[in-house]
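Here is the structure we will look at, set down as C-alpha cells.
None of the figures in this text is laboratory data; all of them are computed from the coordinates on show. Because the structure is a prediction, the values reported are computed rather than measured. Cβ sites come from the backbone with ideal geometry, for glycine too, and all protein chains shown count toward neighbours.
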Amino acid sequence: MTSLKKITYGIVPPCVCVLLSSHAMALSPTPFEVGNFSPLAQTFGLPSIQTALNTAPSGFEISLQHATANTYVTHENINEISYFDGEVAITSLSLRWRFTNDAELTLRAPYVDHSKGLWDDFIYDWHEWFGLPQGGRTQDANDQFAYVYQRNGERLLNFREEASGIGDVRVGYSQQLRFWEQDWLAQLEVKAPTGDADKLTGSGAWDLSAGIGWEGAVASPEQRFIPFAGAAVSYLGDSDLDLAPLQKNWALSLRAGGHWRALPYLTLTAQIDSHSGLYHSQLRELSNFSLQLTTGGQIALSDSLVLNIAIAEDLNTTITPDFVAILGMTYGW
C-alpha cells in the first residue's frame, strides 16, 4: 500500500466519526492561523491577520495547533544557488483575552522543528496520482534534509543538521472600530527574539506589525456566507543570519476569504494569503510575492471546543511550502 493510501485510510474514518458526533457551533469561526512556513520566512514576524474579536462567553480562548510544512526548491542563476529540502513542523500555543467589549490581547508561543520529515513520499505519490509536475522531486531525493544558499561563490546559508527549539513569541493588541457602517479590527503585534537564528527557530530580531481586518456582518441566523479580509504592514528587524544584508526590512501582508456555514456544527473556510518579497535576490523563492490558498473545516465538538483541520497549497510556486497540513483545537470559556 502506498503512503498516500495509508494516510488517506488513517484520516478519513476518524474525521467521519467526528462529524457524526459533533454539536452546534457556539464559537464564531476565524481565519486559519497560517502563514508562510517556509524555512526562512517563518522566522519573521509576518502576522496572521485577525478579522474579528473572539466570541467566547468570558472572553478567553486558548488554542493548540500543529502545522507541518514540506518544502522542496532548487534553483540557480549566474550568481546564486539555492537548495531547500526539508520539513518545518510548528506547534503553537495561543491565548486570546477579550478584556473589554471591543479590545483583546493575544499571545502566541511556537515550538519549531526542522527535519527531513514524513510527507515526501505522500507528496510524490499525490503528484503521481494526479499527473502533476514534481517540481524536481524524485523518489531518490525523498527523505533528505538541507537548506543551502550561495551568492557569488560564498555560502550565506548552510543548514544541514536537523534542529528544534522554542520559536519567537508574539504579543498582540486588537481594537474593534466602527466606521463606514462596518466593524473593523485594528491590530498591533510584536515578535520578540526568543528563538535561535542558528537553529532557524527565530530571526534574532524584534519585528513589529500593524494591520486592519474586516469581517462581514451576520444579518440573521440563516446567513451562511461570511466574507473577511485584512491587510498589514511589518517592520522586520535585521536577522542574525548571514543573509541579513539581502533582507528587506518592510513587508506587506494581505488576506481574503470566507466562511460557509455548511451545517450547524461545521463551517467550511477558504482563504488566500499573500505577502511581498523578503529578500533582494534574482531567485523567485526569495524575492517574489507569496500566494497561498488554505481550505478546511472548523468542527464544533461541543459548545466551547472547536476542531480545525486545513491544508494549504502554494499558488505562486516555490515561495511558500509545497504542502501544509494544519490540525488544531480551540477552547473558549
### Number of Lys pairs (Cα under 23 Å; 8 or more positions apart or on different chains) in the chain
6
### Query
Helix-derived [θ] at 222 nm for the chain: sum -39500 (n - 2.57) over DSSP H runs of at least 4, divide by residue count, nearest 500?
-3000 deg cm²/dmol
### Query
Among Glu104, Glu154, Glu33, whose mean-square fluctuation peaks in a Gaussian network model of the chain (Cα, cutoff 10 Å)?
Glu154
### Query
In degrees between 0 and 90, to the nearest 10, how far off the longest principal axis of the chain does helix 3-20 point, with axes built from Cα atoms?
10 degrees
### Task
With a Förster radius of 25 Å, plug the Cβ-Cβ distance of Trp333 and Ala231 into 1/(1 + (r/R0)^6) and report the FRET value to the nearest 0.05.
0.20
### Summary
Rounded to 0.05, the calculated FRET efficiency for the beta carbons of Arg284 and Asp240 at R₀ = 22 Å is 0.35
### Message
If each residue of separation counts as 0.36 nm, what is the full-extension length gain between Asn77 and Leu301 once their alpha-carbon separation is subtracted?
### Response
75.5 nm
### Cα-based helix-to-principal-axis angle, 120-130 vs the chain, degrees rounded to 10
80 degrees
### Task
Please work out how much length the chain gains when fully extended from Ala163 to Ala210, using 0.36 nm per residue of separation minus the C-alpha to C-alpha distance, in nm with one decimal.
13.8 nm
### Query
Where a ≥ b ≥ c are the square roots of the eigenvalues of the C-alpha gyration tensor, would you call the chain rounded, which needs a/c under 1.5, or, failing that, prolate if a/b is larger than b/c, or oblate?
oblate
### Summary
If each K or R counts +1 and each D or E counts -1, the residues other than Ala56 whose Cβ falls under 9 Å of its Cβ total +1
### Summary
Scoring only Lys, Arg, Asp and Glu (+1, +1, -1, -1) among other residues with Cβ under 13 Å from the Cβ of Val218 yields -1
